[in-house]
Amino acid sequence: MSSILVTGNEQGTAVAADARTGKYLTFQLGNEEFGVRVLKVREIMGIQEITAVPQTPTHVKGVINLRGKVVPVIDLRLKFGLPPAEYTPRTCIIVTQTEGESGLILMGVIVDGVSEVLNLAASDIEDTPDFGEEVAVQYLLGMAKVKGKVKILLDIDRVLSAQDLNHLKTLLQ
């Protein structure tokens, strides 16, 4: 019988990877693939009419009526600084449940297209590389290696800053 000794730093990495395992919904933005935890996804719908809200950041497209609930919608392309793109039949809104300082909020995110649901093990996920101080990576859970490709795992609760969430919350009141 063999045993494995795990030292301080290795143990922290193993624990972090274990917390990130599970099912992820993957989607495209441009040429990149991203993933969010399936547990955070409430609904996937085709693009629909979005009511613009004045004096919001450019990535906030407006709000939709989802079965009587007003849900803010952001364009992830614009939030991440990617160039805007024409909406296609594959473009969709992923309705997520995010956790802000003031509780749970439904939020729609516009993506170029949904790919698949992946079940990721700890061995499939690596920590986000250090890109230096100028690059904000607080909303990245890690990088998944799947079939020779890398998928960027998002912490959807952190994609919008606390300031953005509070601004959206005031719009809905």
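The values are calculated or read from the model by the stated rules, or taken from the named source; none is laboratory data. Only a predicted model underlies this, so the values are computations on that prediction, with no experimental measurement involved. In this analysis, Cβ positions are derived from the backbone assuming ideal geometry, glycine residues included, and neighbour counts consider all displayed protein chains.
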Given Thr88, Thr96, which one is modelled with pLDDT of 90 or more, closer than 16 Å to Ile44 by Cβ, β-branched (Val, Ile, Thr) and assigned to a loop (DSSP other than H, G, I, E, B)? Thr88
For residues in segment 17-47 being small (Gly, Ala, Ser) and in a strand (DSSP E or B), which is surrounded by the fewest Cβ atoms within 10 Å (Cβ to Cβ)? Gly46
Restricting attention to segment 130-145, and to residues there that are at negative phi and over 18 Å from the mean Cα position of the chain (by Cα), which single residue is modelled with the highest pLDDT? Asp130
Of all residues in segment 4-61, which are modelled with pLDDT of 90 or more and out of contact with any strand residue (DSSP E or B) (no Cβ under 7 Å at 6 or more places or on another chain)? Gly30, Asn31, Leu39, Glu49
Is it fair to say Gly113 is free of Cβ contacts under 8 Å to residues at least 12 places away in the same chain and either surrounded by fewer than 16 Cβ atoms within 10 Å (Cβ to Cβ) or of a type outside the set (Lys, Arg) (or both)? no
List pairs: first in segment 121-148 and farther than 16 Å from Glu32 by Cβ, second modelled with pLDDT of 75 or more and of a type in the set (Asp, Glu), Cβ under 9 Å, 6+ apart or cross-chain? Gln138/Asp155
Among (1) assigned to a strand (DSSP E or B); (2) modelled with pLDDT of 90 or more; (3) surrounded by fewer than 16 Cβ atoms within 10 Å (Cβ to Cβ); (4) not charged (D, E, K, R), there is one condition Leu153 misses while meeting the rest; what is its number? (3)
In segment 82-90, is there at least one residue being surrounded by fewer than 18 Cβ atoms within 10 Å (Cβ to Cβ) and under 13 Å from the mean Cα position of the chain (by Cα)? no
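Can you pull out every residue in segment 117-129 that is more than 15 Å from Val150 (Cβ to Cβ) and part of a strand (DSSP E or B)?
Going residue by residue through segment 117-129, those that are more than 15 Å from Val150 (Cβ to Cβ) are 117, 119, 121-122.
If the condition is that a residue be more than 15 Å from Val150 (Cβ to Cβ) and part of a strand (DSSP E or B), then Val117, Asn119 are the ones that fit.
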